[in-house]
Structures are given as structure tokens and as C-alpha cells.
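Heads up: the structure comes next, in C-alpha cells.
The values are calculated or read from the model by the stated rules, or taken from the named source; none is laboratory data. Since the model is a prediction, treat every value here as computed from it, not as a measurement. Here the Cβ positions follow ideal geometry from the backbone for every residue, glycine too, while neighbour counts run over all protein chains shown. In case anyone asks, the SASA skips ligands and DNA or RNA and just uses the protein heavy atoms, side chains included. Shrake-Rupley method; radii C 1.70, N 1.55, O 1.52, S 1.80 Å.
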Amino acid sequence: QVQLVESGGGLAQAGGSLRLSCQASGSIFSANVMGWYRQAPGKERELVATITTFGGTIYATSAGGRFTISRDNAKNTVYLQMNSLKPEDAAVYYCELETTNNDYWGQGTQVTVSS
């Protein structure tokens, strides 16, 4: 079993920054994709960014050069640096780990952005 624990959410002002972290533990295959998704009230969960074990990244258009995803494979940890935050970035952010056969999710961390 795999567990994902997110941290780093909270309140930021518009234009400010937050850094999210997600540490995975358990039976983790060496090759996987980790990512961040978000869900705002009344909206569907949407992709923010993903990163492979080898560093390949995919970003949503909404990330728009403001967000940077990175990972530390030795620590099984993925990060999301969020800069120039906008009120529309407010959501619950979920960490995801995807292997060949399974898909795991964290419990989510709330990000609130004040205008």
C-alpha cells in the first residue's frame, strides 16, 4: 500500500507564493508519475502539473509559468512551488502517484488566496 501526505497549504495573498510538498511512503515502484491536481468548490478536479521519475513535466495552461513542479526521488517527495497566486488558484490541492497498475491520492491540502 502507498500513502501520500501533503503539506504546505494555507492562506496567501494574491501575488504571493506557497510551496506544497507531498511525501509518498509504502510500496513504491521506482518508475512512476507524481502530480498535483486541484478541486475548487463546485468544480471538477483538474490537473495542475505532473512529473515523471526522470523529470519530464506536464503543466496545465492555468499554471501559466507561475507554478513549478519538482521531485526528490530519494525522498519520494514531490513539490509544487506556486508563485504569483491568484484568487482563482484557491482550491483543495491533491497529490497523486501513478504507477503502471495503480493510482494513489493524498487527502488534499487547502489553498486559500485572498484578493
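Exactly one condition in (1) β-branched (Val, Ile, Thr); (2) in contact with a Ser or Thr (Cβ under 6 Å, 6 or more places away or on another chain); (3) open to solvent by 40 Å² or more (accessible area, probe 1.4 Å) is false for Ile51; which is it? Checking Ile51 against (1) β-branched (Val, Ile, Thr); (2) in contact with a Ser or Thr (Cβ under 6 Å, 6 or more places away or on another chain); (3) open to solvent by 40 Å² or more (accessible area, probe 1.4 Å), the one that fails is (3). Got at least one residue in the range 64-77 being closer than 22 Å to Phe29 by Cα and small (Gly, Ala, Ser)? Looking for residues that are closer than 22 Å to Phe29 by Cα and small (Gly, Ala, Ser), one finds at least one in the range 64-77, hence yes.
Among the residues making up the range 99-111, those that are β-branched (Val, Ile, Thr) and open to solvent by less than 60 Å² (accessible area, probe 1.4 Å) are Thr99, Thr109, Val111.
Please find, within the range 67-98, the residue that is surrounded by the most Cβ atoms within 10 Å (Cβ to Cβ) out of those that are in contact with a strand residue (DSSP E or B) (Cβ under 8 Å, 6 or more places away or on another chain) and among the hydroxyl-bearing types (Ser, Thr, Tyr). Result: Tyr93.
Please go through (1) touching a residue at least 24 places away in the same chain (Cβ under 8 Å); (2) under 21 Å from Ser115 (Cβ atoms) for Ala31 and return the number of the only condition it doesn't satisfy. Tallying (1) touching a residue at least 24 places away in the same chain (Cβ under 8 Å); (2) under 21 Å from Ser115 (Cβ atoms), Ala31 fails exactly one: (2). Look at (1) in contact (Cβ under 8 Å) with a residue 24 or more places away in the chain; (2) touching a strand residue (DSSP E or B) at 6+ places or on another chain (Cβ under 6 Å); (3) under 16 Å from Phe67 (Cα atoms) and you find that Leu47 fails only one, number (1).
This table checks each residue for (1) under 10 Å from the mean Cα position of the chain (by Cα); (2) not charged (D, E, K, R).
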{"position": "Gln23", "(1), (2)": "no, yes"}
{"position": "Ala31", "(1), (2)": "no, yes"}
{"position": "Arg38", "(1), (2)": "yes, no"}
{"position": "Pro41", "(1), (2)": "no, yes"}
{"position": "Val48", "(1), (2)": "yes, yes"}
{"position": "Gly56", "(1), (2)": "no, yes"}
{"position": "Arg66", "(1), (2)": "no, no"}
{"position": "Thr77", "(1), (2)": "no, yes"}
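Which of the residues that make up the range 14-32 are farther than 13 Å from Lys75 by Cα, at pLDDT 95 or above and surrounded by 12 or more Cβ atoms within 10 Å (Cβ to Cβ)? Of everything in the range 14-32, those that are farther than 13 Å from Lys75 by Cα, at pLDDT 95 or above and surrounded by 12 or more Cβ atoms within 10 Å (Cβ to Cβ) turn out to be Ala14, Gly16, Ser17, Leu18, Arg19, Leu20. Across the range 8-57, the number of residues qualifying as within 13 Å of Val111 (Cβ to Cβ), in a loop (DSSP other than H, G, I, E, B) and of a type outside the set (Gly, Ala, Ser) comes to 1.
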